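The values are calculated or read from the model by the stated rules, or taken from the named source; none is laboratory data. Just so it is clear, the model here is predicted, and its values are computed rather than measured. Because the Cβ atoms are built from the backbone with ideal geometry, glycine has one as well, and the counts that use them run over all protein chains shown.
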Amino acid sequence: MIEITEHTRNVLLEVAKKKKIYVEGNFLKILKAPPGDVEFSNYLKVCKEKDSNARKKRLDVTKQVQAQNKELEQAAEQNETLMFDLKIALDQAEKAKEEAEKSKAEAEKLRDDAVEDLETLQKKSQFELVGRIVKIALIVILGVGVITTLLFAYTLISGQENPILESTWSNLFGILLTNSFSIVGTIMGVKYATGDKES
């Protein structure tokens, strides 16, 4: 223990009264009041109380800071976990987007192929229909022409004059010729129109 001199004692008491500054810390443990000095003993008692209160406040602040640091560490761990989960979710979303784009491209290709197949089938059906019409028209034209020619030839060979048959044969050949050109023109027009659609 250190005994305080009169001068030091007076300085400490005066600083405490005027400036409210007291001795703190471990230094208090080695200070001793002079025997019978009640005022300085009370001063040391007040210093010890203030030091104890200051230590409690510092301890509370330290505990509070430690608690906040622990909360910050937990928040940082949660944040890191969330960032990891977010990265996984983003990767999964990117893969899903790529798969959706791939599926969309495949669906568009299938649709284009189906449209192309349908157009090809329609054109094939049109050409088959046109071919059948041409065959039937040619058979009818040839059949009527052959029958009329045979009748006209028979009248010529038999020597019978039949002006109705002659005019009918002449008109019929004119009509057949006109209709054949009309049929051929219609067929060519259909082919030309479908050719334009292809291009």
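With the condition kept exactly as written, say whether any residue in the stretch 28-40 is in a helix (DSSP H, G or I) and either basic (K, R) or modelled with pLDDT of 90 or more (or both). Checked against the condition, which is being in a helix (DSSP H, G or I) and either basic (K, R) or modelled with pLDDT of 90 or more (or both), the stretch 28-40 yields at least one hit.
Every condition in (1) part of a helix (DSSP H, G or I); (2) in contact with a strand residue (DSSP E or B) (Cβ under 8 Å, 6 or more places away or on another chain) holds for D85 except the one numbered (2). Any residue at all in the stretch 42-59 that is of a type in the set (F, W, Y), outside the structural domain of I187 (by TED's automatic domain parsing) and either within 30 Å of L13 (Cβ to Cβ) or modelled with pLDDT of 90 or more (or both)? Checking the stretch 42-59: at least one residue is of a type in the set (F, W, Y), outside the structural domain of I187 (by TED's automatic domain parsing) and either within 30 Å of L13 (Cβ to Cβ) or modelled with pLDDT of 90 or more (or both). Consider the stretch 135-158 and keep the residues that are closer than 29 Å to K123 by Cβ and over 60 Å from the mean Cα position of the chain (by Cα). The one that is surrounded by the most Cβ atoms within 10 Å (Cβ to Cβ) is I141.
All of (1) assigned to a helix (DSSP H, G or I); (2) at pLDDT below 75; (3) exposed (fewer than 10 other Cβ atoms within 10 Å of the Cβ) hold for E161 with one exception: (1).
So that you can scan it fast, the table gives a plain yes or no per residue for (1) closer than 14 Å to L176 by Cβ; (2) modelled with pLDDT under 75:
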position: A105; (1), (2): no, no
position: L110; (1), (2): no, no
position: A114; (1), (2): no, no
position: T120; (1), (2): no, no
position: F127; (1), (2): no, yes
position: I133; (1), (2): no, no
position: G143; (1), (2): yes, no
position: T148; (1), (2): yes, yes
